[in-house]
Amino acid sequence: MNVAATHDSPRLSTSLYNKNLYKYQDKPSDNPDYKINKPDELTRKEQELLLIHQFTFIGAPHIWNGDEVGMWGADDPDCRKPMVWSDMKYDDEKVNYDPEKTRPVDQVKPDTALLDFYKKLVAMRKANPVLANGSLEFIIVDDKKMVLAYSRKLGNDEIITVFNRSDMAQSVSLPVKGSGTYRNLLYNGQNNIKVIESGVRLTLEPLTAIVLKRN
């Protein structure tokens with residue numbers, strides 16, 4: 001089981017929004033500076049990276065109900081807010097734990113773009129059994145550049161996932177065997193990447209990842 005959030009932890013997006021230890025001062029009653037508003041765009045990029053990892057790594061991905069539509073919230077009880085549905089209208093969220101402090105006013109509604117991203121990841125995993133049953137080999141672990149790459153293999157199938165966690169574009173050379181091409185399973189562009197001199201060379205923008213499947 002690969003669990004990114006549960007009913008006993010802050011929402012996934014809120015955990016990434018607040019860079020503190022797991023289950024330590026993870027709600028405003030314990031930490032008055034804990035951010036309970038809707039996470040920002042930087043957090044969204046980090047969340048997408050984590051989800052790509054969750055769905056391409058070993059183990060079965062599990063989703064806490066509501067994370068897929070962008071719900072946010074601190075530790076119990078905020079992680080158990082009522083589910084947000086597309087056919088219901090909700091009041092804006094603006095109440096703060098400390099009435100002396102202000103917080104941004106957030107519109108409460110399903111994040112359909114994030115839901116589509118989850119659907120794409122689910123479809124990719126279901127269409128490629130190698131992601132569920134394949135072996136795992138780390139290809140690049142570069143802490144300085146904040147680049148990670150690993151391969152999943154099953155029979156003749158191979159999928160390589162590459163992450164750039166840094167805030168700078170990074171050039172990556174993947175040492176792979178054989179010739180041929182790889183295609184990008186998640187995003188448009190960078191399709192049919194060629195293997196040159198037993199390697200794959202590509203550039204990843206900041207806070208991005210790519211999932212490559214050998215043709």
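Since every read-out is calculated from the coordinates, none of them should be taken as a lab result. Remember, predicted model here, so these are calculated numbers, not experimental data. Cβ coordinates were reconstructed from backbone atoms using ideal geometry, including for glycine residues, and neighbour counts include every protein chain displayed.
So the values come out like this:
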read-out	value
With Cα atoms, 0 to 90° folded angle of helix 41-56 axis to the chain main axis	50
Tail fraction, Cα-Cα pairs, the chain, threshold 27 Å, whole percent	39
Measure of compaction for the range 78-177 (Cα Rg per 2.2 N^0.38 Å)	1.63
Euclidean distance of C-alpha centroids, the range 85-114 and the range 15-53, integer Å	16
Relative contact order computed over the range 63-169 (Cα-Cα under 8 Å; 6+ residues apart), in percent	17
Point-to-point label distance, residue 33-residue 157, nm (Cα→Cβ direction, 7 Å offset)	4.7
Principal axis dimensions, largest first and in whole angstrom, of the range 121-169 by Cα	33, 21, 12
Translational diffusion of the range 2-41, µm² s⁻¹ [Kirkwood Rh, Cα pairs; Stokes-Einstein; 20 °C; 1.002 mPa s]	203
Nonlocal Lys pairs with alpha-carbon distance under 25 Å, the range 129-214 (8 or more apart, or different chains)	9
Positive-end residue of 52, 39, 123, charge dipole of the range 2-126 with Cβ unit charges	123
Length released on extending from residue 58 to residue 142, taking residue separation times 0.36 nm less the Cα-Cα span	28.2 nm
Surface/4 of the Cα convex hull for the range 2-126, nm²	7.9
